[in-house]
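Structure, as structure tokens:
The values are calculated or read from the model by the stated rules, or taken from the named source; none is laboratory data. Since we're looking at a predicted model, the values are computed, not measured. Cβ sites come from the backbone with ideal geometry, for glycine too, and all protein chains shown count toward neighbours.
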Amino acid sequence: MLKVDNLTKDFPKVRAVDNLSFELQKGRICGFVGPNGAGKTTAMRIIATLDDPTFGKVYVSDKSIAERPYDIRRIIGFMPDHYGVYPDLSVLDYLEFYARAYEIPSSSRKRRIEQIMNFTGLDKIAEKDVETLSKGMRQRLNLGRALINDPQLLIMDEPAAGLDPRARVELRYLIKQLAEQGKTIFVSSHILTELGEICDDILIIDKGKKVAFGDVNEIQKSMQKTFEISVKLLEAPQIQGLERFLMERPGISNIRIKNHDSIIFTFSKDIAEIPPIMREMTSQGFSVIEFKPQMMTMEDVFIQITEGEF
Amino acid sequence: MIKPREISENAMLFKDITQWIRNKTFLALFLSLLFGAGAISFFFVPVSGDAAQLGVIAFSIFTIILFIYTLVIAGMGFNLTSREFANKTFELYELSGMSLERMILGKLLSLLTQFLFGYFCIVPFMFFAYFLGGLDFISIFGASFLMILFSVPLYLFILLLSLSSKSVKIGLIGRIFVGIVLLYMGFGLLSLIFIPRSPLSGVSDFIKSLLTFDLEALKIALVFFIFYIQLCFLLFYICCNFISSTNDSRELQIKLLLFTLFLSWLLVFHALYRNAIRGSDAEIFLLVYIPVYLMLFLLGALFYYHAFHPPLIIRNRQKEARGFRRFLYHLFLPGARGTHRLILYMLLITALSVFFHYVGFKTGKNDPRLLLHAGSYCLQVPFFLAVPGGLFLCIRSLQNSNKTMKALVITWWVLSGVFLMIVYGIMESSGYWRDSPLSNLVQFLSLVLSPVSTLFIGFERRSPFHEIGYLIRGGLGLTGIVFMIWILRRRRKLNENLLDSIV
């Protein structure tokens, strides 16, 4: 669906995007992560056909953005980090305007606007002035605009920025629904935990360069060198025995007893070796009621990657 | 060709009209126009007096009201469009795949609709003035038609100003400029209206001549419409070019229109008014060559320091073009190289025009050197385009920053020109410095540093350089062409690697 090949963008004093390459399959949600000034917005603007690359090629549905930008604009939806200004325009008029701009035939325009308003929950505020909307509602409207042409690829630049927790949850739900409809979504965000929850793939960049790209789980697994595992026992007196048991096992360190019935330790071997330890514990007669390996969050992955590389 | 359905479906027209109707000022404007015009009419009915004056005064008052309304619409349009432009709203419009032409057409049609709304509120009252006496029907019809005619370039000009900069500060300067231009136009209109028998009778006589198929009147009307249409299209495409993102442009259309305007201006003078060329060098320049001078500068300012290579989409369009379109792309090639070539073509045509007039002047009773003086101003343009722009290219940080280069060159023209004019003005007003060597130096610098100061000081007859002015300007022009070739080669070298990698 989206293929980026050696994308580079130079500005007079800085290389904003540096040989970025990746490919995104249809129907996937890809999170785009990087520190401020990493080149996320620049890359997204190029993919959305708003800027020319200095080098490199970008294809959306096998069409080059440099050669067919007008065709590509019809099949993508872009939610930039700004809304524009629309004084004296209601929500309904705003959507009507963009439906006309996308040349949606008048026969189907009304139906399409209704669909969008229902999906985004804007139907209750159809007559409200756009300029008076809250940040969350504006973001819904922005999403509605980007969806009005029923795009195959949706590009979202920091859609959750400035939203309150409730609006963020609602937005996440909408994104999941869109993915279920088969749309490919390329979304950048600073809120990494949210991306971890909704994304299939993740692309991490720093100083314009790709640092990591791939399936979220795969990346998390590959980055996870150690696991914090907590074990809770039903019978507290067994805790000393469990401590001794763990001390004899290779790859286990930093064992701490907590609240007389729980134990936390660090496991520094492959994730595949965790289940045998669990099985052995139960076979040795320890009354395990909780066995919880702590997986790395997206924040941990991001910090580890960017610290390691730079 | 634009289809009526395309107009009714135009998204920008829909949006701007919806915004205008929802705006609080809409009702206030509508009621003020209607009640204001009505009250004035009621005031005039019982007034007795000179019938010849009453109609003219009533008509003048209605015209002023309509003019103020026109300014209000222009101001509102400027505010909305400049805000949209400054806040990157046009980017969102572009993302929808709406063409640049549709956006500007929608904006223009919206402003014209708003204007016509007020116009049709006032026009019935204007015709009411006919019954007060002193005016004939054709005068009223002609004057009201002229207002519609001038509203198109006015609103295009307003759009162009509102799209000329994303910077809020420059936007403020733009607002002040718009205010001054509109006030100036307003005073001009008022003075015309209150000069007895000047405009209305002139308009009336002209329309009567047209209706009787008077050849001279038809010729004037034809010439007027040729330039009017080209100018409107030129303004239209400059607006389109201003809102285009970095990967698209309307450079070809603007170059084509500038060239046709340039050619038609020279042709009209050669074909129709060649024998009318009289007067001093300054008068000949103003009569014949100032539009040529301005067009060369407009071309240079817009595209000479533009990106060396046009965006890829333009190059693809060029590759795909066939037949006449291919020829157009060849002649008006977008990018610095094409601009360079077009400027040289235009200079060659200007030189031929000067030569042609010069031969005519020689055989007549006029001093042919006056024509050389006037024409040589256009031939000096390459020098101003190349110097100091070429020197700026030596600064590393400016080498790949076209916008900064362009801004620096234009700032140099304006600031150095204004500075030299002020210094020269002070010297002229003081007896001590007048005709001193320092004054001569300032005059020389005025000739070589800025196109602005050249125009204002170059025609000074007391200048020691006046007699050989055309030789100096011709020499500088040739030097400029050499510099332009050097600049082109330098810029090509700087961009060589870039282009290879993009393609």
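Taking the criterion of being outside any helix (DSSP H, G or I), under 15 Å from A:Pro87 (Cβ atoms) and within 9 Å of another protein chain (Cβ to nearest Cβ), would at least one residue in segment B:14-24 satisfy it?
First, the residues of segment B:14-24 that are outside any helix (DSSP H, G or I): B:23.
Subsequent filtering for residues that are under 15 Å from A:Pro87 (Cβ atoms) retains B:23.
So of that shortlist, the ones also within 9 Å of another protein chain (Cβ to nearest Cβ) come out as B:23.
Within segment B:14-24 (the criterion being outside any helix (DSSP H, G or I), under 15 Å from A:Pro87 (Cβ atoms) and within 9 Å of another protein chain (Cβ to nearest Cβ)), the answer is yes, since at least one residue qualifies.
Kindly indicate whether B:Thr246 is within 14 Å of another protein chain (Cβ to nearest Cβ) and surrounded by fewer than 20 Cβ atoms within 10 Å (Cβ to Cβ). Yes, satisfied. For segment B:437-464, filtering for residues that are hydrophobic (A, V, I, L, M, F, W, C) and touching a residue at least 24 places away in the same chain (Cβ under 8 Å) leaves 9. Taken over segment B:389-420, the criterion of being within 14 Å of chain A (Cβ to nearest Cβ) and either in contact with a Ser or Thr (Cβ under 6 Å, 6 or more places away or on another chain) or under 12 Å from A:Pro12 (Cα atoms) (or both) is satisfied by B:Arg396, B:Ser397, B:Leu398, B:Gln399, B:Asn400, B:Ser401, B:Asn402, B:Lys403, B:Thr404. Checking each residue in segment A:57-76 for being at pLDDT 90 or above, touching a strand residue (DSSP E or B) at 6+ places or on another chain (Cβ under 9 Å) and buried (at least 20 other Cβ atoms within 10 Å of the Cβ) picks out A:Val58, A:Val60, A:Ile72, A:Ile76. Determine, yes or no, whether A:Thr54 is surrounded by fewer than 23 Cβ atoms within 10 Å (Cβ to Cβ), closer than 24 Å to B:Leu100 by Cα and within 12 Å of another protein chain (Cβ to nearest Cβ). It is true that A:Thr54 is surrounded by fewer than 23 Cβ atoms within 10 Å (Cβ to Cβ), closer than 24 Å to B:Leu100 by Cα and within 12 Å of another protein chain (Cβ to nearest Cβ).
Considering each of A:Leu133, A:Leu122 in turn, give the residue that is in contact (Cβ under 8 Å) with a residue 24 or more places away in the chain, farther than 18 Å from A:Leu174 by Cα and away from every other protein chain (no Cβ under 13 Å).
Details: A:Leu122 fails: farther than 18 Å from A:Leu174 by Cα.
None of the others qualify; the one that does is A:Leu133.
Listed here are the strands (runs of 3 or more DSSP E) enclosed by segment A:1-106 that have at least 2 residues being in contact with a Gly (Cβ under 9 Å, 6 or more places away or on another chain) and under 25 Å from B:Arg317 (Cα atoms): A:2-11. Residues in segment A:69-85 include none that are over 18 Å from A:Ala146 (Cα atoms) and within 12 Å of another protein chain (Cβ to nearest Cβ). Are any of the residues in segment A:104-114 surrounded by fewer than 21 Cβ atoms within 10 Å (Cβ to Cβ), within 14 Å of chain B (Cβ to nearest Cβ) and under 22 Å from B:Trp20 (Cα atoms)? No. A:Asp150 fulfils the conditions (1) more than 28 Å from A:Leu192 (Cβ to Cβ); (2) away from chain B (no Cβ under 12 Å); (3) buried (at least 19 other Cβ atoms within 10 Å of the Cβ); (4) under 24 Å from the mean Cα position of the chain (by Cα) except for a single criterion, (3).
A:Ala161 meets the conditions (1) in contact (Cβ under 8 Å) with a residue 40 or more places away in the chain; (2) within 16 Å of the chain's Cα centre (by Cα); (3) buried (at least 18 other Cβ atoms within 10 Å of the Cβ) in every case but one. The failed one is (3). When A:Lys13 is tested against (1) under 30 Å from B:Arg396 (Cβ atoms); (2) more than 8 Å from every other protein chain (Cβ to nearest Cβ); (3) surrounded by fewer than 19 Cβ atoms within 10 Å (Cβ to Cβ), only condition (2) is not met.
Given segment B:39-135, what helices (runs of 4 or more DSSP H) lie entirely inside it while holding 3 or more residues that are more than 10 Å from every other protein chain (Cβ to nearest Cβ) and touching a Ser or Thr at 6+ places or on another chain (Cβ under 7 Å)? Break it down stepwise before answering.
Numbers: elements: B:51-86, B:89-95, B:100-132.
Ranges flagged: B:51-86, B:100-132.
I need every pair where a residue in segment B:265-288 that is in contact (Cβ under 8 Å) with a residue 60 or more places away in the chain has its Cβ under 9 Å from the Cβ of a residue that is surrounded by fewer than 14 Cβ atoms within 10 Å (Cβ to Cβ) and hydroxyl-bearing (Ser, Thr, Tyr), sequence separation at least 6 or different chains. Close Cβ pairs (under 9 Å, with a partner that is surrounded by fewer than 14 Cβ atoms within 10 Å (Cβ to Cβ) and hydroxyl-bearing (Ser, Thr, Tyr)) amount to B:Val288/B:Tyr273. Selection of segment A:7-38 for residues being among the polar types (S, T, N, Q) and more than 14 Å from A:Ile185 (Cα to Cα) yields A:Thr8, A:Asn19, A:Ser21, A:Asn36. Could you say whether any residue in segment A:189-200 is crowded, with 20+ Cβ neighbours inside 10 Å and touching a Gly at 6+ places or on another chain (Cβ under 6 Å)? The answer is yes; a qualifying residue exists. Of the numbered criteria (1) within 15 Å of B:His373 (Cα to Cα); (2) at pLDDT below 75, the one B:Gly431 fails is (1).
Can you find a residue that is surrounded by 17 or more Cβ atoms within 10 Å (Cβ to Cβ) and in a strand (DSSP E or B) anywhere in segment A:277-299?
Going residue by residue through segment A:277-299, those that are surrounded by 17 or more Cβ atoms within 10 Å (Cβ to Cβ) are A:277, A:281, A:286, A:296, A:298.
Narrowing the set further to residues that are in a strand (DSSP E or B) leaves none.
The answer is no; no qualifying residue exists.
Here the condition is being crowded, with 21+ Cβ neighbours inside 10 Å, modelled with pLDDT under 85 and on the phi < 0 side of the Ramachandran plot; of B:Gly106, B:Gly55, B:Gly77, B:Gly118, it holds for B:Gly55 alone.
Criterion first (touching a residue at least 60 places away in the same chain (Cβ under 8 Å), within 8 Å of another protein chain (Cβ to nearest Cβ), of a type outside the set (S, T, N, Q) and under 30 Å from A:Lys210 (Cβ atoms)) does A:Ala43 satisfy it? Criteria not met by A:Ala43.
Listed here are the residues, each with its yes/no results for (1) within 20 Å of B:Ile290 (Cα to Cα); (2) in contact with a Phe, Trp or Tyr (Cβ under 9 Å, 6 or more places away or on another chain); (3) among the hydroxyl-bearing types (Ser, Thr, Tyr).
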site	(1), (2), (3)
B:Leu408	no, yes, no
B:Ile422	no, no, no
B:Ser446	yes, yes, yes
B:Leu455	yes, yes, no
B:Arg462	no, no, no
B:His466	yes, yes, no
B:Gly480	yes, yes, no
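Inside segment A:201-249, residues that are crowded, with 18+ Cβ neighbours inside 10 Å and either of a type in the set (Asp, Glu) or free of Cβ contacts under 8 Å to residues at least 24 places away in the same chain (or both) make up a count of 3.
Taking the residues in segment B:220-256 that are of a type in the set (D, E, K, R) and outside any helix (DSSP H, G or I) as candidates, determine which candidate is farthest from B:Leu105 (Cα to Cα). The selected residue is B:Asp248. When the helices (runs of 4 or more DSSP H) confined to segment B:384-503 are screened for residues that are surrounded by fewer than 15 Cβ atoms within 10 Å (Cβ to Cβ), those reaching at least 2 such residues are found at B:402-429, B:437-449, B:469-502. Filtering B:Leu348, B:Leu370 for residues that are more than 18 Å from B:Val452 (Cα to Cα), without any contact (Cβ under 8 Å) to a residue 12 or more places away in the chain and either not aromatic (Phe, Trp, Tyr) or not in a helix (DSSP H, G or I) (or both) leaves a single hit, B:Leu348.
When segment B:123-142 is limited to residues that are among the aliphatic types (A, V, I, L, M) and surrounded by fewer than 20 Cβ atoms within 10 Å (Cβ to Cβ), the one that is modelled with the lowest pLDDT turns out to be B:Ile138.
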